[in-house]
1. Please give the peptides 508-521, 377-390 ranked by average Cβ packing (other Cβ atoms within 10 Å per residue), highest first, as a rough proxy for protection.
2. Check V468: other-chain or 5+ apart residues with amide H under 5 Å from its amide H, H built from backbone geometry?
3. Each residue of the range 543-553 in order: what ³J(HN,Hα) in whole Hz does its phi give by Karplus 6.51 cos²θ - 1.76 cosθ + 1.60, θ = phi - 60°, with x for Gly and Pro?
4. Which parts of the range 547-582 would a label at Q505 reach, counting a residue when its backbone N lies under 20 Å from a point 7 Å out along Cα-to-Cβ?
5. With θ set to phi - 60° and the Karplus curve 6.51 cos²θ - 1.76 cosθ + 1.60, what are the ³J(HN,Hα) couplings of the range 288-296 in order, to the nearest whole Hz, using x for Gly and Pro?
6. So if we plug the beta-carbon distance of T545 and A460 into 1/(1 + (r/R0)^6) with R0 = 22 Å, what FRET efficiency do we get, rounded to 0.05?
7. Which of the lysines could a cross-linker bridge to K568, judged by Cα under 24 Å and excluding same-chain residues fewer than eight apart?
8. Please compute the volume of the convex hull spanned by the alpha-carbon atoms of the range 340-390 and report it per residue in Å³.
Amino acid sequence: MTATLLLLRAEAIAARLRELGIVSAQQLEQLRPDLASAQERVGAILMRHGVLRDADAVKRLAGLLGAIAQPLEAVQPPPALVRCLPSAVWTTHRLVPVREEDGTLLLATDDPLAVFVLEPLSRRYGVRLEAILIAEEPMAALLAGLAAAAQPLPAAGHVTAAAAARSAVAPPAAPVPPRSAPAAARPAAAAAASPAAPRSAADDEPIIRLVDSMLSEAVRMRASDIHIQPGAEAVQIRYRIDGVLRHVNATPPALHGSIVSRIKIMAGMNIAEKRLPQDGRLQLAVEHRPLDVRISTLPSTHGESVVMRLLDRSQPIRGLADMGLSAENQQTWERLIRRPHGMVLVTGPTGAGKTTTLYGAMAMLNQPDRKLITVEDPVEYQLSGVNQVAVKTTIGLTFAAALRSMLRQAPDVIMVGEIRDQETPQVGEQAALTAHQVHSTLHTNDAPTAVTRLIDMGVAPFLVASTVQGVLAQRLVRRICVSCRMTDNATEEERKFLGVSEPLQLVHGVGCEACHGSGFLGRVGLFELLVMAPPIRTLVVERATASAIRQAAARAGMRALREDGCAKIREGITTMSEVLRVVATADE
């Protein structure tokens, strides 16, 4: 690894320290000459400049990187532990084995950044490693006491004292030679791929290629998500394409830890933490297309389950007509979102395209004479001319808190990414009452249920009746592929579903290369638009049931989700199986 790359790694760590508030911009400038020299560990540089003198700063940094800050009395590690790692690890990485607990080898260090090498060392020597952070004086005493006790490294598989009693014997592991550049300045991937550790490099390069090819294949197949699910016999790799999961590959369980570590490193996540769920995010270019990737890890029985959600930033925001709204519903919806005040809601389950619909509305309203502000978690698309705020719950910037502050910015239109607590709808209703236009999403099965849901969340019925202008419920179904579509006689089941008795011809996809044999290519929305007419407002004030509101809306001309699906079947856009897949539980 070149000095330039080492400098970039070191500055990336220093930048994270600045994000934590541990190092100031002025201190960062003072650190740059030492970081550029690459002659000293980053941790030592920070200590020498006084950045890590504060105990709280050390603990925060240790917590971020996966080390546990705790005091350690002067101890003499047992000889079995002393021999489990080569002396080069003590001096190069400042990691000293001190005790073993439940199959985990605890390593003491005075350098919080040493945890970047825990993962490659763990893979190399076949034992789970965790770090505890101690002061510099006890660490110096440990190193001095161990200098004379260095012994050759035993065979891998005999790393810990407990492992020594096991009968399984693995091939011997080569000792780690001293590194020419500071290891603390490198994330785990860099340490594993350095020339000084050829075995780790050979192990990691296929993993890097595997993850890269996984992302490239997902983009090529138009996948919205990559699911990595570990099992006892294999790790299942599945892509969600047009809303449906498809199995594409399986890898041996032995590769699972390396795959997850590679993904965590890419997203700047804590590779040492495997017991708690984590969320991460990264931006990269795949197949010359810029992607936002949101990553979620969840501990499971056989290891961490990983989901990567892919958002192609090169795709334009879809217009309302492209989403599948009928001409009548589109005209009504545009009239609702152009009103000077009030609240409009988009409802549906996760993955129904609610945010895309809101973005389409915001793009239509984004004019020089209007001020638009959004609060989202996270910000998915960049809208030029729109103030977009990302929720940060860890610092108290919730949807409700951001919404209250946004009102002091004199906006014309406010978009709240999601109503998920009791406070947000109440603040939103007050905003809608004070000459603001509020757009938001809500998780309900249909449009009438959204009205009763707001009342259940503590909003007064009269406020709901007076502020909510309309509710758009939606689902996404797959479009029939235009390259392999064919017409055939409708089955008896299809005619019954559509409510017709005479013979009918419907369109189906037979599968081709363009649609990867599925018969579907792309998605279209099914919609149900509830307009708050006077009779419905009266029912809301009277706390009527969602069923009563649905009946009144149907009399006023609302077309239900299932009816919209039937219309799209007749038009040759989708199939009965697709409509039943997404609306059967909503309308039956």
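The values are calculated or read from the model by the stated rules, or taken from the named source; none is laboratory data. The structure presented is a predicted model; accordingly, all values stated were derived computationally and were not measured. Here the Cβ positions follow ideal geometry from the backbone for every residue, glycine too, while neighbour counts run over all protein chains shown. What goes into the accessible areas is simple: the full protein's heavy atoms, side chains included, and nothing from ligands, DNA or RNA. Shrake-Rupley method; radii C 1.70, N 1.55, O 1.52, S 1.80 Å.
1. With the highest mean Cβ count within 10 Å placed first, the list reads 508-521, 377-390.
2. Under 5 Å from the amide H of V468 lie the amide H atoms of M343, each far enough along the sequence or on another chain.
3. Running phi through 6.51 cos²θ - 1.76 cosθ + 1.60 with θ = phi - 60° gives 6, 5, 6, 4, 5, 5, 5, 4, 4, 5, 5 Hz.
4. Only 567-576 fall inside the zone, counting backbone N under 20 Å.
5. Working through the residues one at a time gives 6, 10, x, 10, 9, 10, 9, 10, 10 Hz.
6. 0.80
7. K354, K496
8. About 86 Å³ per residue, rounded to a whole number.
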